[in-house]
Amino acid sequence: MDDSKVTFPPPFKLGGTMYDQSTFKGRLFHFCGLVDPRSLFVSDTRLKAATDLLDSYQKGTISPAVTDKELWEAQRIKQSIIHPDTGQKVFMPVRMSGFIPFNTPVVVGLLLPNQSIGATILWQWLNQSHNAWYNYANRNATKPTPTSSLLMGYFGAVGSAVSIAVGLNVGLSKLKGFTPEVKALLGRFVPYPAVASANVCNVLLMRYSSLSSGIDVYDKTGTVIGSSQVAAKQAVTFTALTRVILSAPILLIPPSIMAYLEKTKFLRKNPRLRLPIHTLVIIAAFGTALPVATAAFPQESQIATTSLESSIQEKTSDEFLYYNKGL
């Protein structure tokens, strides 16, 4: 058999994906489909048609004329809009497909040069508020999340982001031995450590309960073997790293590019174009970074059984078990 001749799309699998999730390339293509902003314009009629088609497939009453491609597209539409646990539509600004268009204005505000303390606090607060809303809307809803955990994660993220950003800006203003131009350049990069630290803080606080109680680990058939704190720590670590990876290109590349472009004759003669160009640069960085960061680690992660608790090892002979990493 010639392995180079692989059928695409592959045979449809309900709840599955067209791409191999064990590879970075496969995960990247999968998330590129989910973050596609065009799904924001899917009408209720088209969404209902997609869900009805999938229901027909599940019941075995689907027409033989329906192709695998149509089924995969119907599933992509449903996954982009409907929460997998609640079965309800996710509000547009906090869908994965809405993260770039709705969060871009906030990122533009975060990266505006020469900000006052008040502006720094405002933009950091808006950014963390949107992040918290996004995290809640896309949470694992199979188990209730305590309100105390939500509030602790939100205020912890806002507090750490604001304190780090304000502290660094004040520190830069008092820095000696540097020209105002150098200070201004360094100030452009203040949002990154503030946002990255706040994102990590948010993950740790929001998932504190899972670190203490553990998360479900299951075998290839989906049978839950037990609850593991070891798997929970790995899941939280991977999620925190994803947030750090996501923040880096969005908050480091645009300031570097704009620092160069603003010295060109074109922008010196056309200063009004700085903001539109800055926005386009951020959109390009955002559009690249989001699918890359979310694809960095598998959503369904694998862990060696020997690294888990002895109580779990006693219940299975499988070499590896699996868990849901979360977003």
Open item on the list: When you check Ile282 against the structure, is it open to solvent by 30 Å² or more (accessible area, probe 1.4 Å) and under 17 Å from Ile250 (Cα atoms), yes or no?
Closed with: no
TODO: Select from region 97-141 the residues that are among the aliphatic types (A, V, I, L, M) and in a loop (DSSP other than H, G, I, E, B) and list them in ascending order.
DONE: Leu111, Leu112, Ala141
Open item on the list: Among the residues of region 168-211, what is the count of those that are over 14 Å from Leu251 (Cα atoms), hydrophobic (A, V, I, L, M, F, W, C) and not in a helix (DSSP H, G or I)?
Closed with: 2
Task: Qualifying positions in region 106-159 - modelled with pLDDT of 90 or more and in contact with a His (Cβ under 9 Å, 6 or more places away or on another chain) - done: Val106, Val108
Task: Options Ala284, Ala296; residue that is modelled with pLDDT of 85 or more and within 27 Å of Pro101 (Cα to Cα) - done: Ala284
Open item on the list: Considering only residues that are buried (at least 20 other Cβ atoms within 10 Å of the Cβ) and either of a type in the set (A, V, I, L, M, F, W, C) or within 19 Å of Thr288 (Cα to Cα) (or both), which ones fall in region 108-126?
Closed with: Leu110, Leu111, Trp123
Open item on the list: Among the residues of region 73-84, are any over 19 Å from Phe31 (Cβ atoms), in contact (Cβ under 8 Å) with a residue 24 or more places away in the chain and open to solvent by less than 70 Å² (accessible area, probe 1.4 Å)?
Closed with: no
Task: Among (1) over 18 Å from the mean Cα position of the chain (by Cα); (2) under 27 Å from Pro255 (Cβ atoms); (3) open to solvent by 30 Å² or more (accessible area, probe 1.4 Å), the one test that Pro105 misses - done: (1)
Open item on the list: Every residue in region 142-167 that is open to solvent by less than 80 Å² (accessible area, probe 1.4 Å) and in a loop (DSSP other than H, G, I, E, B), please.
Closed with: Thr145, Pro146
Task: Selected residue [over 27 Å from the mean Cα position of the chain (by Cα) and touching a residue at least 12 places away in the same chain (Cβ under 8 Å)] from Thr305, Thr294, Thr279, Thr288 - done: Thr305
- [ ] Test each condition in (1) crowded, with 17+ Cβ neighbours inside 10 Å; (2) at pLDDT 90 or above; (3) among the aliphatic types (A, V, I, L, M) for Ala240 and report the one that comes out false.
- [x] (2)
- [ ] Filter region 19-31 down to the residues that are within 18 Å of Glu70 (Cα to Cα) and in a helix (DSSP H, G or I), then identify the one that is most open to solvent (accessible area, probe 1.4 Å).
- [x] Phe29
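The values are calculated or read from the model by the stated rules, or taken from the named source; none is laboratory data. Keep in mind that this is a model prediction, so the values were computed, not measured. When we count neighbours, we look across all protein chains shown, and the Cβ atoms used for this are built from the backbone with ideal geometry, even at glycine. Ligands, DNA and RNA are stripped out before the accessible areas are found, and what is left, the full protein with its side chains, is counted by its heavy atoms. Shrake-Rupley method; radii C 1.70, N 1.55, O 1.52, S 1.80 Å.
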